[in-house]
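Quick notes on the structure that follows.
The values are calculated or read from the model by the stated rules, or taken from the named source; none is laboratory data. Only a predicted model underlies this, so the values are computations on that prediction, with no experimental measurement involved. Here the Cβ positions follow ideal geometry from the backbone for every residue, glycine too, while neighbour counts run over all protein chains shown. Calculation scope for accessible area: heavy atoms of the full protein, side chains included, ligands and nucleic acids excluded. Shrake-Rupley method; radii C 1.70, N 1.55, O 1.52, S 1.80 Å.
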Amino acid sequence: SGFAAEGKPPRWGFSAPDYLAFEPRASMFSSFAIFRNREYELADVDPPERIMGIRATAALFETLGVKPAMGTVYSRADDEAGRPVAVISHRLWKRKFGGDPGILGRAIRIDRRPYTVIGVMPERFSFPNRGPELNNTPADVFLPRPFSAGERQAFGSNYNNSVVARLAPGMSAAQADTAVRAIVNANARELYPAPLSGLAEKVSASVVP
């Protein structure tokens, strides 16, 4: 899913408040998650380096239907509390940590903050996919996605998150597309402050397989 101005390119991502308003009304999906790519500095390794990561809500793993090869993944409670836990890719585990099974429970320093590694993903797992206009670089570290008070009120800005979803049983992509368009637009009209009413009229979304 993604935002567009008047249904035309350029396409944007979801803002945090649009996503949070959409979440309780998204019955067309059995599971869905919001995520955003970002570069991070991985320290305490030789040599330190910049790695690609994503902050994603815990439902990402259920939505993609994938389980870790080792350990576990984080939970919604970890998202909400912003707990410093991390799931890493198999390739990062091999390349920077020598495939050491003792990585679980170990603290690694990401952007100068310690995160406890709780899981390692399967060898062939790669996400996000390349191709979309936004958030399109496979990640080596997966971190919880808390929403700050500022983000929750950032209507009309920071359209830089992507959403991935699994259709509910019996729901087609075309049906979901129609429903998503209506819900996202209605939310924008209801929730955007008056100075942004013109923008709210144009906000829409689409579902792409």
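If I filter the stretch 25-53 down to residues being in contact with a Leu (Cβ under 9 Å, 6 or more places away or on another chain) and in a loop (DSSP other than H, G, I, E, B), which single residue comes out as modelled with the lowest pLDDT? Checking each candidate, the answer is 48.
Checking each residue in the stretch 1-21 for being modelled with pLDDT under 85, assigned to a loop (DSSP other than H, G, I, E, B) and not hydroxyl-bearing (Ser, Thr, Tyr) picks out 6, 7. Going residue by residue through the stretch 60-68, is there one that turns out to be among the hydrophobic types (A, V, I, L, M, F, W, C), closer than 23 Å to residue 164 by Cβ and crowded, with 20+ Cβ neighbours inside 10 Å? Yes, because at least one residue in the stretch 60-68 is among the hydrophobic types (A, V, I, L, M, F, W, C), closer than 23 Å to residue 164 by Cβ and crowded, with 20+ Cβ neighbours inside 10 Å.
In the stretch 40-48, the condition of being under 18 Å from residue 121 (Cβ atoms) and open to solvent by 40 Å² or more (accessible area, probe 1.4 Å) is met by no residue. Would the stretch 95-110 turn up any residue that is open to solvent by less than 20 Å² (accessible area, probe 1.4 Å) and acidic (Asp, Glu)? No, because not a single residue in the stretch 95-110 is open to solvent by less than 20 Å² (accessible area, probe 1.4 Å) and acidic (Asp, Glu).
For every residue, the table says whether it meets (1) farther than 22 Å from residue 47 by Cβ; (2) out of contact with any Phe, Trp or Tyr (no Cβ under 9 Å at 6 or more places or on another chain); (3) among the basic types (Lys, Arg); (4) touching a residue at least 24 places away in the same chain (Cβ under 8 Å).
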{"residue": "94", "(1), (2), (3), (4)": "no, yes, yes, no"}
{"residue": "104", "(1), (2), (3), (4)": "yes, yes, no, yes"}
{"residue": "108", "(1), (2), (3), (4)": "no, no, no, yes"}
{"residue": "113", "(1), (2), (3), (4)": "no, yes, yes, yes"}
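Quick one: in the stretch 164-209, which of the residues that are more than 30 Å from residue 130 (Cβ to Cβ) and part of a loop (DSSP other than H, G, I, E, B) is most open to solvent (accessible area, probe 1.4 Å)? It comes out as 170.
Among the residues of the stretch 74-90, just one is touching a residue at least 60 places away in the same chain (Cβ under 8 Å), more than 17 Å from residue 107 (Cβ to Cβ) and buried (at least 19 other Cβ atoms within 10 Å of the Cβ), namely 79. Residue pairs whose Cβ atoms lie under 6 Å apart, sitting 6 or more positions apart in sequence or on different chains, and linking a residue in the stretch 144-172 that is under 20 Å from residue 206 (Cβ atoms) to a partner that is open to solvent by 60 Å² or more (accessible area, probe 1.4 Å) and among the small types (Gly, Ala, Ser), are 166/30; 168/30.
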